[in-house]
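Participant: Can you read through this structure? Questions will come right after.
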Amino acid sequence: MEEQHLMKQAVRALMSGIPKALNDPHRPAWHLAPSVGLLNDPNGFIQHNGVYHLFYQWNPLGCEHRNKCWGHWQSTDLINWQHQPIALVPGACYDSHGCYSGSAVVADEKIMLVYTGNVKYPDGSRTAYQCLAQENTQGGYDKLGPVLPLPAGYTGHVRDPKVWHHQNAWYMVLGARDLQDRGKVLLLRSDDLRNWQFLGEIAGSELNGIGDFGYMWECPDLFTLDGVEVLICCPQGLEAQAERYLNVYQAGYLIGKLDYQQAAFKHDAFHELDAGFEFYAPQTTQAEDGRRLLVGWMGVPEQDEDYHPTRQYGWIHIMTCPRELSRHNGKLYQQPARELQQLRGESRQWQGVADNAPCWPIDSAELLLTPGGKFNANFGDAMTLDWDGGLLRLTRNNLRSGQPEHRYWRGNLAHLQILFDRSSVEIFINHGEAVMSARYFPGPQPLLQLRGEARLALEHWSLTPCMLE
């Protein structure tokens, strides 16, 4: 009954809210955004029979973190997407307070969703169930109920199952918070997706020599890339440092080797996945052509969300562009998915001293920039990017305080690829060695303004809107 009520409310919210949301000048032209309400974590990212499916955490009833459903888009090209029926709606006794994040696998030629059912009690305590749902013939998903209760030794904060198949068995990583308030990643095994065996903790605070590293590790994702294992995770509770860990919560990765028999993961140091203002809860999938693709949420929980101007239009947050992952020199590289080049319109090129550069439009655009020295780039008078020869600094005014805030990257800068889309900027450094993702809210028809005495080489494309049906 609760689910039916929420579905009716969602339909009403969509019918009344979509015209208002579409009038927002900051609504993206080609990034994925919610029709109305709040979007957060990407979920269930998978390709099956040539079709990409991307599910997502969605509150259709408002811009607050409540009423968490699973929205669902699908695409054949990673550019044009179609809305599908809402996949999951909370309301059962095991997911009464939200269908939280999870993943998707194909079993018996059907897509299966594995998600966290969140349950809160009147005394303020909570528990979590890991649950299954199965694709039906109408394009929706039927809940099959819980397959894993809360493991012993952990608080009610156990969530975000990522499941994969390896040597005739299913494996799951889970984000967790133990009874000593230490963030962990748990490993489990199953033969049938229904009966799960707990194998142990493979990463987290006070494990593998990493020391005290946060009270909760969310959104784990473990996969093999070029013969090694990569564990993506989102530690909460890291102290900010001078030039890193500057967002409220972090998203990063560990590279190592997983011993499935011993449930042991030997890994190197933690690296942030994105050095910008907004990036969290990324999820990957292996495409049918072998590529490892990633999509992230261009947002951070509890980070000035109340001050986003899009809330006036009844919606908040977007996804990052889809990215291709590779490994070079022991680092994880991210580049925009090659399909996005199909959005390129007319090309312009220019070389010369930065002070003499043309002011090109960046409402929806792609820019390649090869620097010959120090420069300053102004994005629509709403954000700046400064390169001083050793430090790249991204600056905007904080949405809450109005004071300047910064994010940083250090290294040898040889190349920038920058994607603009109305209210977002994604800066790919040195062909994917690092990325800075950020939301910003410029006035109408924003322009790129460059300053400096160094020579630059520029290439610019306007990007055509994609279809969201």
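Participant: Just subtract the alpha-carbon distance of Cys359 and His165 from 0.36 nm times their residue separation and send over the number in nm, one decimal. Walk me through the numbers on the way to the answer.
Facilitator: Details: separation 194, 0.36 × 194 = 69.84 nm, distance 5.04 nm.
Using 0.36 nm per residue and subtracting the Cα-Cα distance, I get 64.8 nm.
Participant: Using the alpha carbons of the chain, what is the convex hull volume per residue in cubic angstrom, as a whole number?
Facilitator: Here the figure is 143 Å³ per residue.
Participant: Continuing with the same structure: Tell me the label-point distance for the pair Gln261, Asn329, using the 7 Å Cα-to-Cβ offset, in nm and rounded to one decimal.
Facilitator: Once both label points are built, they end up 3.7 nm from each other.
Participant: Okay, next question. For the chain, with every protein chain kept in place, what is the accessible area per residue (1.4 Å probe, Å²)? Don't skip to the end; give the middle numbers.
Facilitator: Working: 18740 Å² over 469 residues.
Heavy-atom SASA per residue in the chain reads 40 Å².
Participant: Select from Leu448, Leu193, Gly204 the residue farthest towards the positive end of the dipole of the chain; place +1 on Cβ of Lys and Arg, -1 on Cβ of Asp and Glu, and compute about the Cα centre.
Facilitator: Value: Leu448.
Participant: Which GluC sites (Glu not before Pro) does the stretch 260-349 hold that lie in a coil by DSSP with at most 14 other beta carbons within 10 Å?
Facilitator: Here the sparse-neighbourhood loop sites are Glu288, Glu302.
Participant: Can you pull the percent of the chain's accessible area that's carbon plus sulfur, 1.4 Å probe, other chains left in place?
Facilitator: 46 percent
Participant: Assuming R0 = 22 Å, can you tell me the calculated FRET efficiency for the pair Ser125 and Glu2, based on Cβ-Cβ distance, to the nearest 0.05?
Facilitator: Values: r = 20 Å, r/R0 = 0.93.
Step by step, r from the Cβ atoms, then E = 0.60.
Participant: Same structure again: To test your reading of the geometry: what angle, between 0 and 90 degrees and rounded to tens, separates the Cα axis of helix 2-22 from the longest principal axis of the chain?
Facilitator: 10 degrees
Participant: Relative contact order of the chain, please, whole-number percent, based on alpha carbon pairs below 8 angstrom and at least 6 residues apart.
Facilitator: Reported as a whole number, the value is 14 percent.
Participant: Could you give the Stokes-Einstein D for the stretch 25-153 in µm² per second, using the C-alpha Kirkwood radius, 4 °C, 1.567 mPa s?
Facilitator: Working: Rh = 15.3 Å.
Taking Rh from Cα pairs, D becomes 84 µm²/s.
Participant: Taking the Cα centre of the chain as the origin, how large is its charge dipole in debye, to the nearest 20, when only Lys and Arg (+1) and Asp and Glu (-1) carry charge on their Cβ atoms?
Facilitator: Details: 39 positive and 53 negative charges, 67 e Å.
That gives the chain a dipole magnitude of about 320 debye.
Participant: Hey, another quick one. Given N residues in the stretch 199-299, what is its alpha carbon radius of gyration divided by 2.2 N^0.38 Å?
Facilitator: 1.08
Participant: Give me Rg over Rh for the stretch 128-219, both radii from the alpha carbons and Rh done the Kirkwood way, two decimal places.
Facilitator: Values: Rg = 14.5 Å, Rh = 14.0 Å.
With Rg and the Kirkwood Rh in hand, the quotient comes to 1.03.
Participant: Given a 1.4 Å probe and the protein chains all in place, what does the accessible area of Ser423 round to, in Å² to the nearest 10?
Facilitator: 0 Å²
Participant: Which value in deg cm²/dmol, rounded to the nearest 500, describes the helix-derived mean residue ellipticity at 222 nm for the chain, given -39,500 (n - 2.57) per DSSP H run of n ≥ 4 and division by the residue count? Show your work: numbers first, answer last.
Facilitator: On the way: 1 runs with 21 residues, N = 469.
Helix-only estimate at 222 nm: -1500 deg cm²/dmol.
Participant: Compute, for the stretch 322-469, the length of the dipole vector about the Cα centre, with Cβ point charges of +1 (Lys, Arg) and -1 (Asp, Glu) only. Units Debye, rounded to 20.
Facilitator: Dipole about the Cα centre, nearest 20: 420 debye.
Participant: For the stretch 37-95 and the stretch 428-461, what is the centre-to-centre distance using only Cα atoms, to the nearest Å?
Facilitator: Each part's Cα centre sits 31 Å from the other's.
Participant: Could you tell me the extents of the stretch 289-389's C-alpha atoms along the three principal axes, largest first, rounded to whole Å?
Facilitator: Sorted from largest, the Cα extents of the stretch 289-389 read 41, 41, 31 Å.
Participant: Working from the pairwise distances between different alpha carbons, so that the mean of 1/r is found and then inverted, what is the stretch 62-120's Kirkwood radius in Å?
Facilitator: One over the average 1/r among Cα pairs gives 12.9 Å for the stretch 62-120.
Participant: Related question: Which one of Phe45, Gln82, Pro361 has its Cα pushed farthest toward the positive end of the charge dipole of the chain, where Lys and Arg give +1 and Asp and Glu give -1 at the Cβ?
Facilitator: Of the options given, the answer is Pro361.
Participant: Taking a ≥ b ≥ c as the square roots of the eigenvalues of the Cα gyration tensor of the stretch 331-469, is the shape rounded (a/c under 1.5), prolate (a/b larger than b/c) or oblate?
Facilitator: rounded
Participant: Right, here's the next one. If Lys and Arg each add +1 and Asp and Glu each add -1, what is the summed charge of the other residues whose beta carbon sits under 13 Å from the beta carbon of Arg344?
Facilitator: For residues surrounding Arg344, the net value is -2.
Participant: Then there's this: Hey, with R₀ at 41 Å, roughly what FRET efficiency would Leu225 and Tyr408 work out to, going by the Cβ-Cβ distance, to 0.05?
Facilitator: Approximately 0.95, to the nearest 0.05.
Participant: In addition: At 0.36 nm per residue, and after removing the present C-alpha to C-alpha distance, how many nm does the segment from Phe198 to Ser347 gain when stretched out fully?
Facilitator: Between Phe198 and Ser347, full extension yields 48.2 nm more.
Participant: Explain nothing, just the number: relative contact order of the stretch 127-175, from Cα pairs under 8 Å at least 6 residues apart, as a whole percent.
Facilitator: 31 percent
Participant: At 0.36 nm per residue, and after removing the present C-alpha to C-alpha distance, how many nm does the segment from Asn136 to Val11 gain when stretched out fully?
Facilitator: Roughly 42.9 nm would be gained on extension.
Participant: Can you tell me the dipole magnitude for the stretch 51-210 around its Cα centre, using point charges on the Cβ only (Lys, Arg +1; Asp, Glu -1), in Debye to the nearest 20?
Facilitator: Dipole about the Cα centre, nearest 20: 300 debye.
Participant: While we're on this one: Would you mind checking the stretch 211-229 for residues with the amide N under 15 Å from a putative spin-label position 7 Å along Cα→C-beta of Gln180?
Facilitator: 211-216
Participant: If Asp306, Asp421, Asp108 are ordered by their accessible area, calculated over protein heavy atoms with a 1.4 Å probe, which sequence runs from highest to lowest?
Facilitator: Most to least solvent-accessible, the answer reads Asp108, Asp306, Asp421.
Participant: What does the charge add up to near Pro28, with Lys and Arg as +1, Asp and Glu as -1, over the other residues with Cβ less than 12 Å from its Cβ? Present the calculation step by step, with values, prior to reporting the outcome.
Facilitator: Working: positive: Arg27, Arg422, Arg439; negative: Asp24, Asp363, Asp421, Glu426.
In short, -1.
Participant: A further question on this structure: Could I have the simple spin-label model distance between Glu453 and Ile210, label points 7 Å from Cα toward Cβ, reported in nm to one decimal?
Facilitator: Once both label points are built, they end up 4.7 nm from each other.
Participant: Can you give the three extents of the C-alpha atoms in the stretch 216-261 along their principal axes, from longest to shortest, in whole Å?
Facilitator: Per principal axis, max minus min of the Cα coordinates gives 36, 20, 13 Å.
The values are calculated or read from the model by the stated rules, or taken from the named source; none is laboratory data. These figures come from a predicted structure and were not determined experimentally. For neighbour counting, all protein chains shown are included, and Cβ atoms are generated from backbone atoms with ideal geometry for every residue, glycine included. Please note that ligands, DNA and RNA were not included when accessible areas were found on the heavy atoms of the full protein model with its side chains. Shrake-Rupley method; radii C 1.70, N 1.55, O 1.52, S 1.80 Å.
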